[in-house]
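Data first, discussion second: the structure below is written as structure tokens.
The values are calculated or read from the model by the stated rules, or taken from the named source; none is laboratory data. Source: prediction; values computed, not measured. Here the Cβ is made from the backbone with ideal geometry for all residues, glycine too, and neighbour counts use every protein chain on show. Accessible surface areas use protein heavy atoms only, side chains included; no ligands, DNA or RNA. Shrake-Rupley method; radii C 1.70, N 1.55, O 1.52, S 1.80 Å.
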Amino acid sequence: EKGGYEHFMIKEIHEQPKAIRDTMTSRIALGEDVKLDNIEITKEDLEKINKVYIVACGTAYYAGVVGKYVIEKMAKISVETDVASEFRYRDPLIDENTLMIVVSQSGETADTLAALRLAKKSGARVMVITNVVGSTMAREADDVFYTWAGPEIAVASTKAYVTQMVALDILALHLARLKGTITKEEGEEFKKELLALPEKVEDALKHKEVIQKFASKNYHVKDMFFLGRGVDHAVALEGALKLKELSYIHAEAYAGGELKHGPIALIEDGTPVVVVATQEKIFDKMVSNIKEVTTRGAKVLAFATEGHEEIEKSVNSALYVQKTHPLLTPVVSIVPLQLFSYYMALEKGCDVDKPRNLAKSVTVE
Ligand code: M6R
């Protein structure tokens, strides 16, 4: 059942190109409008929407953090992403002009379901992005977007996460075209980049050896830091969560600009820092962050896009992923980070598919 792989997690990491392809097929094609079967929101419905919430837990929440950037940029609507357990108890401002998007692999997570019900009761239009057909959330939402990742067995989410981001990307494109905030040509360009993602993810899987080597040298560490800006910050958050879950190493992710506001006090000789630097516009800012930590003795593993090999001058190890649309880089750059946490866990002898204290589906608060 593991198809020749040692663990479900590594099998599911390798299934990501197919999962992404399956999630796009039948929905986007060049020269055609986006087709979303169970999403009925119209141009008129959208005209009255003045606020979007994306609400979820754990990894699904981090997919939502990326979704905020994509929807705001493409559809020009203000988006707030929140963790479901906070959202449900904070008396959020919801009315019939609110679009609520909940994201859940299982479609059963207790806090996310409670947030969905709260939004529905307050008159919001509720959309769910889920991987499980007929799940409670799929039954209760107004609109459903199924990720076609296939069953995810490993407790640590990988293929569900990348398909959640792709779902949010497609949704952003759909909303943007309905609202007319991007042109047909811009839409086509974005689609082209989306359709090229499976191959780029496949390519990112090739970095196994370098990552394995870095893991074998660093698995004994107690703490690690992850830095990024913009969507790279969201990737850093998810990369740190994966490392915590799988290898029980304390990992913290920060927005690069926050470094000086506290976290830099924790950097000392030999502290490993993972830097995600795929964003052209703020690449130099990340290089400054790298200098700030290496001056204090940090060992940096950097992830950048091809063409930015100059980063090697400032770091201990660097890995490159293929270039894509700046909003789509998380789908590709998370792959080496998933592999990193997998190999760190293997080195430490941890139970990769069933990390301690965790359950696949959290159906109680
Ligand atoms: O089924 P859901 O997507 O609602 O689950 C949400 C989280 O419990 C889940 O993503 C969790 O954080 C994973 N263990 C992450 O790898």
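Structure summary
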{"item": "Count - residues of region 60-79 that are over 17 Å from Trp148 (Cα atoms), out of contact with any His (no Cβ under 9 Å at 6 or more places or on another chain) and open to solvent by less than 70 Å² (accessible area, probe 1.4 Å)", "result": "13"}
{"item": "Among the residues listed as Val332, Val293, Val321, Val300, the single one being touching a Lys or Arg at 6+ places or on another chain (Cβ under 6 Å) and aliphatic (A, V, I, L, M)", "result": "Val332"}
{"item": "Residues of region 141-186 satisfying the condition of being without any contact (Cβ under 8 Å) to a residue 60 or more places away in the chain and among the small types (Gly, Ala, Ser)", "result": "Ala141, Gly180"}
{"item": "Per-region count, region 56-109, residues in a helix (DSSP H, G or I), more than 16 Å from the ligand (Cβ to nearest atom) and without any contact (Cβ under 8 Å) to a residue 40 or more places away in the chain", "result": "2"}
{"item": "Residue check, Lys222 touching a residue at least 40 places away in the same chain (Cβ under 8 Å) and either within 21 Å of Ile101 (Cα to Cα) or open to solvent by 10 Å² or more (accessible area, probe 1.4 Å) (or both)", "result": "no"}
{"item": "Region 34-55 - residue that is closer than 16 Å to Met137 by Cβ and either modelled with pLDDT of 95 or more or within 16 Å of the ligand (Cβ to nearest atom) (or both) and, of those, surrounded by the most Cβ atoms within 10 Å (Cβ to Cβ)", "result": "Val55"}
{"item": "Which listed residue, of Ala138, Ala154, is touching a strand residue (DSSP E or B) at 6+ places or on another chain (Cβ under 7 Å) and outside any strand (DSSP E or B)", "result": "Ala138"}
{"item": "Failed item, numbered, when Gly307 is tested on (1) assigned to a loop (DSSP other than H, G, I, E, B); (2) farther than 24 Å from Asp169 by Cβ; (3) not aliphatic (A, V, I, L, M)", "result": "(2)"}
